[in-house]
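What follows is a set of notes on a single structure, which appears directly below.
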Amino acid sequence: MGKLNGARGLRSWQSQTLVVLVERVLEERFIDALPERLIGDKAYDSDPLDGSLKQQGIEMIAPHRSNRKKKKTQDGRKLRRYRRRWKVERFFAWLFNYRRCVVRYEYKEENFKAFILLACMLILLKLFMR
């Protein structure tokens, strides 16, 4: 087993895996510019991840775990953005109403992305039709 990372409950290999995962997601983004901020839940409360994102000029906003032993890095002002994450979660709930987006039937990645974009357009169209 890996060492505990700062007695916060994350093993060192879990923290490293989280950093690699977030970096891969940022590399695969479909826009050119990097985001200014990344908002995550308590699972993203990781000092190595904070450091990695800070080097890229990205601010990580995530509430701290209840058992955090190290000094807190978030204050209440930044966490206001975290409280509005329900809008993103609501969008994904709408997106998962389209079965083809939940179950990946397509073999090619381009076709799957096309269906995701089509579902996004339908969601946007429904909002404008109200």
Within segment 13-32, residues among the β-branched types (Val, Ile, Thr), without any contact (Cβ under 8 Å) to a residue 12 or more places away in the chain and either in contact with a Leu (Cβ under 8 Å, 6 or more places away or on another chain) or part of a helix (DSSP H, G or I) (or both) come out as Thr17, Val20, Val25
Of everything in segment 33-48 that's within 12 Å of the chain's Cα centre (by Cα), part of a loop (DSSP other than H, G, I, E, B) and surrounded by fewer than 17 Cβ atoms within 10 Å (Cβ to Cβ), which residue is modelled with the highest pLDDT? Pro35
Among the residues of segment 83-121, how many are out of contact with any helix residue (DSSP H, G or I) (no Cβ under 9 Å at 6 or more places or on another chain) and not aromatic (Phe, Trp, Tyr)? 18
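The values are calculated or read from the model by the stated rules, or taken from the named source; none is laboratory data. Just so it is clear, the structure is predicted and the values come from calculations on it, not from any experiment. With ideal geometry, Cβ positions are generated from the backbone for all residues, glycine too; neighbour counts draw on all protein chains shown.
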